[in-house]
1. Would you please put 173-182, 71-80 in order of how densely packed they are, using the mean number of other Cβ atoms within 10 angstrom per residue and starting with the highest?
2. What is the extension gain from Ala76 to Trp13, computed as 0.36 nm multiplied by their sequence separation minus the C-alpha to C-alpha distance, in nm to one decimal?
3. Output the relative contact order of the stretch 124-192, whole-number percent, from Cα pairs under 8 angstrom with separation of 6+ residues.
4. Sort 183-190, 14-21, 154-161, 131-138 by the packing proxy (mean of other Cβ within 10 Å over each peptide's residues), most packed first.
5. Name the shape class, rounded, prolate or oblate, that the alpha-carbon gyration tensor gives for the stretch 126-167, where a ≥ b ≥ c are the square roots of its eigenvalues, rounded holds for a/c under 1.5, and otherwise prolate holds if a/b is larger than b/c and oblate otherwise.
6. Once label points are set 7 Å from the Cα along Cα→Cβ at both Glu58 and Arg116, what is their separation, rounded to one decimal in nm?
Amino acid sequence: MSLIDGCPPSADWIAKDMEAMLRECEALILSKDELMRRLQETIETLRRQMAQASEEREQAVLQRQKAEDWLGGFQATLQEAAVLKASRTTAPVQLKLVRPAPEPEPAPSRPASPVRIGGARSIAAMQIISGDPRRAWSASEVAQLLEGDVRGAVRRTRCLLEYLQRLAVLRKVHSEDRKRAYYRLAVPWEAA
């Protein structure tokens, strides 16, 4: 329906024009409602995927931390084993002194022959303890001077000091409450 030039629109024509506009608006509203519904579904799907991805990431972070902790402990154990093995293979077995219990100092007229110590780490530990032979040294004190704050240093140093005690070049003493062990120089020694 169209207007004739110069003629005012009739009431029917205006009504039909408004009905047509109403149908167009309703169609547009329905299409936008459908679009918004689809977008809302997409947003909900993305939120669920983000929540799942976040949870899976948190689990991966926890597993990575456990793996790092285990690997660090395992590497420290391997280093400790390597130190123990090296100290066993470098020490001359034929010079091992066996003393059943602490004995009085030997008489000045008959000094004990020095024990030969091999291995750079064993010699370094003995030099630290010999620096103050009357002092009782803890494993952590010797470890701090040998390696600083390196992870596993105290464990490795304790194994080394126990080995040197078995050679009888060090004497192990305990605190009064028997909870802490210390090491003192027991006999003269020299580097192999």
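1. On the way: 173-182: 10.6, 71-80: 13.0.
Descending packing order for the listed peptides: 71-80, 173-182.
2. Details: separation 63, 0.36 × 63 = 22.68 nm, distance 9.32 nm.
Residue separation times 0.36 nm, minus the Cα-Cα distance, leaves 13.4 nm.
3. 32
4. 154-161, 183-190, 131-138, 14-21
5. Values: a/c = 2.29, a/b = 1.28, b/c = 1.79.
Judged from the Cα gyration tensor, the stretch 126-167 comes out oblate (a/c at least 1.5, b/c at or above a/b).
6. The two pseudo-label positions are separated by 6.4 nm.
We did not get these values from a lab; they are worked out from the coordinates using the rules stated. In this text the structure is predicted, and so the values were computed from the model without any measurement. Ideal geometry is used to build each Cβ from the backbone, glycine not excepted, and the neighbour counts take in all protein chains shown.
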